[in-house]
Amino acid sequence: MEPASGDDDLSLLRAWQAGSTAAGRALIARHYASVYRFFFAKVSGDACEDLAQGTFEALCRRRDAYRGGSSSFKGFLFGIARNKLLEYIRHRSRLGPTFDPATGSAIDPATEGSLSSLLADRQIEHVVSQALRGLSLDDRIVLELKEYEQLTARELAELFAVPGGTMAGRIARARQRLREATELLLAQPDLRDSQVRDLDSAMRSIGDKIEGYLRDRK
C-alpha cells in the first residue's frame, strides 16, 4: 500500500514549494486514498470526505513548514490528519450522544454497517475491527498507521512528538490491548471456537479490503 518512496514525495514537495502547482496536485493525488482511509470507519462518510479535504487544505497552507531532514513527509501529513480528527472529536463531543469521546469513534450505524459488510467473509477480521473500535483513539491511530500505512516507529514518534523508545513501548502496549480486546470478544459464546493467530496479518487484510473498497469507489 506504499504509494511512493519518501524521496519521490520530497522531490514533489520541493517542486511544489518552489511554485509548481502540478507537483502539488500530484503529491495530493498520491496520498489522498491513504488519508481517506485514515478517517474511514472512524467517522461517517460525509465527514470522512470533509476531513480528508480539510487535511489537504491545511497541507497547502503549511507545505513550507515541512523542512525534510530526518523526518518523513508521511509522518508530517498524518500529523495534520490526526489534528483534524481531534478537532472533529472536540466539536462532536459538544453536540451530544451521537459521539463517544471515550473511544474517539462516531457512533454511526451506517459507518459500522458498511465496514461490517466489507469484512463479512472473514469473521476474525470483523472481530479485530470491533476490538479496534474499543481502543483509545491514539492506540487505534498508532496501530492503523503502522499496519495500514506502514509508518515506522520513528515516523510515529515524530507524529506524536515523543522519543523513539517511548513510541516503541506505546506500540507494544497498544498491540497487547488489541489482543486482549480481541480475545475478550472471541470468548463470547457464538465465537468461542474462533481464534486469532496473527493480529498483524488480520489488520493488514482489513487495510487491504478498505483500500480495495476505496479504489472501487472511484
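Tabulated data for the structure shown
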{"read-out": "Residue-wise HN-Hα coupling along the stretch 31-48, computed from phi with Karplus coefficients 6.51, -1.76, 1.60 (Hz; x: Gly, Pro)", "value": "10, 4, 4, 5, 5, 4, 4, 4, 8, 4, 6, 8, 9, 5, x, 4, 5, 4"}
{"read-out": "Relative packing of 37-43, 62-68, 9-15, which averages over residues the other C-beta atoms within 10 Å, highest first", "value": "37-43, 9-15, 62-68"}
{"read-out": "Simple spin-label estimate for Asp198 and Ala168 in nanometres, 7 Å along Cα-Cβ", "value": "2.4 nm"}
{"read-out": "Per-pair calculated FRET efficiency, R0 = 30 Å: Ala26 and Arg67 via Cβ, rounded to 0.05", "value": "0.90"}
{"read-out": "Gain on full stretching of the segment that runs from Ser136 to Arg154 - 0.36 nm per residue minus C-alpha separation", "value": "4.4 nm"}
{"read-out": "Cβ-derived FRET efficiency at R0 45 Å, Glu87 paired with Ala187, nearest 0.05", "value": "0.75"}
{"read-out": "Mean Cβ neighbour count within 10 Å, used as a protection proxy, ranking 131-137, 84-90 highest first", "value": "131-137, 84-90"}
{"read-out": "Estimated dipole of the stretch 138-189 in Debye, rounded to 20 [Cβ of Lys and Arg +1, of Asp and Glu -1, Cα centre]", "value": "180 debye"}
{"read-out": "Hz values of 3J(HN,Hα) by residue in the stretch 17-27 - Karplus curve (6.51, -1.76, 1.60), Gly and Pro given as x", "value": "4, 7, x, 7, 5, 5, 5, x, 5, 5, 5"}
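All of the numbers you see were taken from the coordinates with simple rules; none came from a lab. The model shown is predicted, which means the values in this text are computed figures rather than measured ones. So basically every Cβ, Gly included, is an ideal-geometry build from the backbone, and we count neighbours across all protein chains shown.
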